[in-house]
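Below you'll find the structure, written out as structure tokens, and then a few comments.
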Amino acid sequence: NRVLVARIGWMRWYKGPQDGDQKPVGGGSFNDGDTGSEIFTFKEVNGDLYGYVQTPNSEINLSRIDPLIEAESDRLNGVTVIFVATDPNAPPGPDRQKIVGWYLDAAVLRRSAKHPARAEYDYNLQAPAAKAVLVLPHRREHSIKRQSGSIGQANIWYPRDEDGRLRKAKWLRDAITYIDSYAA
């Protein structure tokens, strides 16, 4: 399966600034002074969602999701994107990082594009709204531990290493089982 794990800042709704949910909490130093583009990750625009994850070099390495993609391709379709965020209200420890939602059958862009409804923001993940789930804040219970082999310092986790080998990750299989069995 094509999978990408994206760490974003914590919000309740990810539908733009709202009372009590003005901007992402955590998710990197950019969110300390500014508002990250993940603020609109679950805001529907003409039937689609446009998410964002900050990448270390402004690009998503599509071949680390699917090694058979052509090198010149700028878009990879059919990806499950799992969004995780650090719960600011959870006690300190390795279990603070929770699954906050996901896109099924998403398109992942190599480079960011301007959000179709808010040009001052970017997106690099796109999915039909009907194939996405935002987990309600009180139901965000599935942890992705910060440990070796899991999503660590970077905001993005690829299923393949730099040499193209599939990484072994029981936590990822558990996350996919959680998504497959989730009842909204």
**Q.** Charge tally in the Cβ shell below 14 Å around N77, where Lys, Arg are +1 and Asp, Glu are -1, N77 excluded
**A.** -1
Q | Full-stretch length increase - W171, A130 - with 0.36 nm per residue and alpha-carbon distance subtracted | A | 12.2 nm
(Q) What's the magnitude of the charge dipole for the range 1-128 around its Cα centre, counting Lys and Arg as +1 and Asp and Glu as -1 at the beta-carbon? Answer in Debye, nearest 20. (A) 140
(Q) Going through the cross-link list K15/K145; K15/K114; K23/K131, which pairs have a Cα-Cα distance over 19 Å in this structure? (A) K15/K145; K23/K131
Q) Between E162 and E141, how many nm apart are label points set 7 Å from Cα along the C-beta direction? A) 4.0
Q) What FRET efficiency would be calculated for the residue pair A183, Q22, taking the C-beta separation as r and a Förster radius of 30 Å, to the nearest 0.05? A) 0.50
Q: At 1.4 Å probe size, with every protein chain present, just tell me what the per residue accessible area of the range 32-184 comes to in Å².
A: 52
Q: Springs between alpha-carbon atoms under 10 Å, Gaussian network over the chain: tell me which of K98, K43, K131 tops the mean-square fluctuations.
A: K131
Q) Where does the chain land at 222 nm, in deg cm²/dmol rounded to the nearest 500, when only DSSP H runs of n ≥ 4 count, each adding -39500 (n - 2.57), divided by all residues? A) -2500 deg cm²/dmol
Q.
For N89, project a label point 7 Å along Cα to C-beta. Then give me every residue of the range 5-19 with its amide nitrogen under 19 Å of that point.
A. 8-19
Q: Quote to one decimal, in nm, the extra length available between E59 and N46 on full extension: 0.36 nm per residue of separation minus the C-alpha distance between them.
A: 2.1 nm
Q: Mind checking which aspartates and glutamates have their Cα closer than 15 Å to the Cα of K98? Skip sequence neighbours fewer than 8 apart in that chain.
A: D87, E141, D174
(Q) If you restrict to DSSP beta bridges whose two residues both lie in the range 1-159, what percentage is antiparallel, to the nearest 5? (A) 85
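The values are calculated or read from the model by the stated rules, or taken from the named source; none is laboratory data. Worth saying up front: this structure is predicted, and the values here are computed from it rather than measured. Here Cβ is always computed from backbone atoms with ideal geometry, including for glycine, and neighbour counts include all displayed protein chains. With ligands, DNA and RNA removed, areas are computed over all heavy atoms of the protein, side chains included. Shrake-Rupley method; radii C 1.70, N 1.55, O 1.52, S 1.80 Å.
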